[in-house]
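Everything on this sheet refers to the single structure shown next.
The values are calculated or read from the model by the stated rules, or taken from the named source; none is laboratory data. None of the values given here were measured: they were computed from a predicted structure. Backbone-built Cβ (ideal geometry, glycine too); neighbour counts: all protein chains shown. To get the accessible areas, we keep the full protein, side chains included, count just its heavy atoms, and leave off ligands, DNA and RNA. Shrake-Rupley method; radii C 1.70, N 1.55, O 1.52, S 1.80 Å.
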Amino acid sequence: MKVSEELTYITSDLHLNHSNIIKFCNRPFRDIKQMDEYIFRQIDALPENSQLINLGDVAMAYRTPLPVMQYYVSRMKKNNKKLVLILGNHDREVIKGYEAYDYFMDAGFDRVYEHPILLERYGIILSHEPVFLTEEMPYFNVHGHIHNSIMTTNYFEQSCALNRYINACVDVNGFAPIKLNDILSYVEKESTK
């Protein structure tokens, strides 16, 4: 996948139109309308022609009719944005009659991936769920799935390289996408330790 350091942003676990997520993750919104609109405004603020990589769980796909998902995608594509999706656990089970890949492509995503992506040039693995890494591995993992939790060694039930995980969930990033350049700065800093 081609990425621009200046124009690529990463986010995860939007959970649009999911009222239980407000309570589950203690999100600071009174209802889903307020939450969804706030998230859309953060995405609207990204530069024109930017690329937004979503690491999964856009919404509860199994109960989101295609026209509603198409609306969500059109909102996120304002200003000529390109949208990339790595399927999350809540994206895999979609409305009856669709396979996940086809559903999200028909919704308007530019690219849909069923598995993690390696940005080899940067030594970064993009995934929905955290990927096991040891200190010897030359990679960092930008992931979602754990919402407002902190990555711990208990996640894998064995020792892992905790400093090599970057949580892209909206819950820990002010409900806004993270700029790839900011991730690369963190990677560079941690790599020199």
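For residue 160, no residue whose modelled amide H falls within less than 5 Å of its own remains once neighbours fewer than 5 places apart on the same chain are excluded. The overall shape of the range 146-191 is oblate: from the C-alpha gyration tensor, with semi-axes ordered a ≥ b ≥ c, the ratio a/c is 1.5 or greater and a/b is no larger than b/c. Rounded, prolate or oblate: which one fits the range 1-143, using the alpha carbon gyration tensor with axes a ≥ b ≥ c (rounded when a/c is under 1.5, else prolate when a/b beats b/c, else oblate)? Here the range 1-143 falls in the rounded category. Per residue, the chain exposes an accessible area of 50 Å² to a 1.4 Å probe, with every protein chain left in place. Applying the criteria of a DSSP loop state and at most 14 other Cβ atoms within 10 Å to the GluC sites (Glu not before Pro) of the range 1-83 yields 5, 6, 48.
Pairs from the list 77/189; 23/78; 2/82; 2/77; 23/81 with a Cα-Cα gap above 23 Å: 77/189; 23/78; 23/81.
The phi torsions of the range 78-92, fed into the Karplus equation with coefficients 6.51, -1.76 and 1.60 and a -60° offset, translate into couplings of 3, 6, 6, 6, 9, 10, 10, 10, 9, 4, x, 4, 8, 9, 7 Hz, rounded to whole numbers, with Gly and Pro shown as x. Distance between the modelled labels on residue 20 and residue 70, one decimal in nanometres: 2.8 nm (7 Å Cα→Cβ projection). Phi-derived couplings, Karplus 6.51 cos²θ - 1.76 cosθ + 1.60 at θ = phi - 60°, listed residue by residue for the range 115-121: 9, x, 10, 9, 8, 4, 4 Hz, with x used for Gly and Pro. In this structure, the amide hydrogen of residue 12, modeled 1.01 Å from its nitrogen in the peptide plane, lies closer than 5 angstrom to those of 55, 170, counting only residues at least 5 positions away or on a different chain. Here the simple spin-label model places points 7 Å from the Cα toward Cβ, and for residue 154 and residue 93 these points are separated by 2.6 nm.
Amide hydrogen proximity for residue 166: with H placed 1.01 Å from N in the peptide plane, the residues at 5 or more positions away or on another chain lying under 5 Å are 141, 142, 143.
Compute the FRET efficiency between residue 6 and residue 193 as 1/(1 + (r/R0)^6), taking r as their Cβ-Cβ distance and R0 = 25 Å, and round to the nearest 0.05. Efficiency, from the Cβ-Cβ distance: 0.45. The alpha carbon centroids of the range 129-193 and the range 1-63 are separated by 18 Å.
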